[in-house]
Amino acid sequence: LQPHMIQRVYIASSESDLRIVMGAMLVAPFLAQIPGILMGLTKAAYAPSWPQAAQEATAFSAVTSQLMEYGWFEYFLVTIMTCSSLAAIMSTADSALMGASSIVSVDIYKGMVDPSASSAKVVRVAGLNSILFCAAAYGLGMFLTVSQIGEIVVFQNGMLMQMLPAFGLGIHCGVQEHAITFGIIAGLVSLVFLVAAGDPLSEYIPGVNVSVFINFLVVAALAKLQRPEECSTREQQCQDVRFEERITADGIRALMRSSTEPSKILLALMLGLAIVFAPWYGEPGEQQTIIFGLPQWGCIQFMGFILNFAIGMVAAYQWRPQKSDEEAVSGVQTAQSSPVKFMTAPGVRTMSTTLPSAIGVSL
């Protein structure tokens, strides 16, 4: 649910392209994170012999500052590395800005404040939001320490997980908005309580993650209590003028009926392995055996990461996207033409066209 990750997924123009994008995103961490791990290990090994300024700097800044002292080629290499890091930061930042501006301008401003706002006005509001977000990020970046920024990242990830029921349950079952809403409220209230009263599990699990589990429990309990006839009536009444018909879980299943989606067992296995291989065991600060240059917990997590990558690639290979209507009619030269109405489902608009009657096309 990271905004910049969702923006990258949106570059896919079709389900077939989306499969390729997801496979590429599984490979990307190996290309991006391994150099960072090696840089961190280099600093940990050589920092005691470096100047005090390099010891207090981040791993990237410390290693590059020492590397520049070796000669012109190393200086040139550091220049390329610095430009690459700035490009990566800008790529992530603009994706996050676009996601945040879209939420404020489309969902809040046009959805609640001014539903009749023109597209040009919505774009202006989005631009103003981007400027404000940039100013706030600049101010925080100037005054926060590296450790504080790390804590903010952990907090951000926990807050994004609060939206997981809205995505996961909204796609696969008919959970209603009141269950999602009260779940988010329970998660936020419990987080404030944990911050004020103290979290007894803080050494093992961040308080924001504890609040996520409370969110999930509340959503599951309220979803279990909802009555089917009440859900049906609510779906009939809910007609969003911005997005036309409401997309329901049944509509999504009907739309994806002609596709072979990745195995849910494999996806659940990936989630389970991510939890199992996370360093939740042991005592904080205890000495660990070094294996292949990594502490024991890091080596175990790296092996789990590789295993999850392999399972993810198998799941992506099992994904068989539906054929587009252009692909379906290619190569067919005979058969009597007749009107064909595309398969419809709740929340999916219908359309008619003229196709050979020998072809069954479903979207």
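The values are calculated or read from the model by the stated rules, or taken from the named source; none is laboratory data. The shown structure was predicted, so the numbers you read here are calculated from the model rather than taken from an experiment. Cβ: placed from backbone, ideal geometry, glycine included. Neighbour counts: every protein chain shown. Remember, those area values only see protein heavy atoms, side chains included, never the ligands or the DNA or RNA. Shrake-Rupley method; radii C 1.70, N 1.55, O 1.52, S 1.80 Å.
A few remarks follow.
- Overall Cα dimensions of the stretch 1-121, principal axis frame, Å, largest first: 63, 35, 25
- Solvent exposure ordering (accessible area, 1.4 Å, most first) of H178, H172: H172, H178
- Using a probe of 1.4 angstrom and keeping all protein chains present, the accessible surface of the stretch 267-321 works out to 66 square angstrom per residue.
- Percent accessible area from carbon and sulfur atoms, the stretch 127-167, protein chains only, probe 1.4 Å: 81
- Shape category assigned to the stretch 89-181 from the gyration tensor of Cα positions, a/c cut at 1.5: oblate
- Theoretical gain in end-to-end length, E261 to W72 [0.36 nm per residue, Cα-Cα removed]: 62.9 nm
- The stretch 60-106, accessible surface, carbon-and-sulfur percent (1.4 angstrom probe): 77
- Sparsely packed chymotrypsin sites (Phe, Trp or Tyr not before Pro) within the stretch 252-305, loop by DSSP, other Cβ within 10 Å at most 16: W280, Y281, F292
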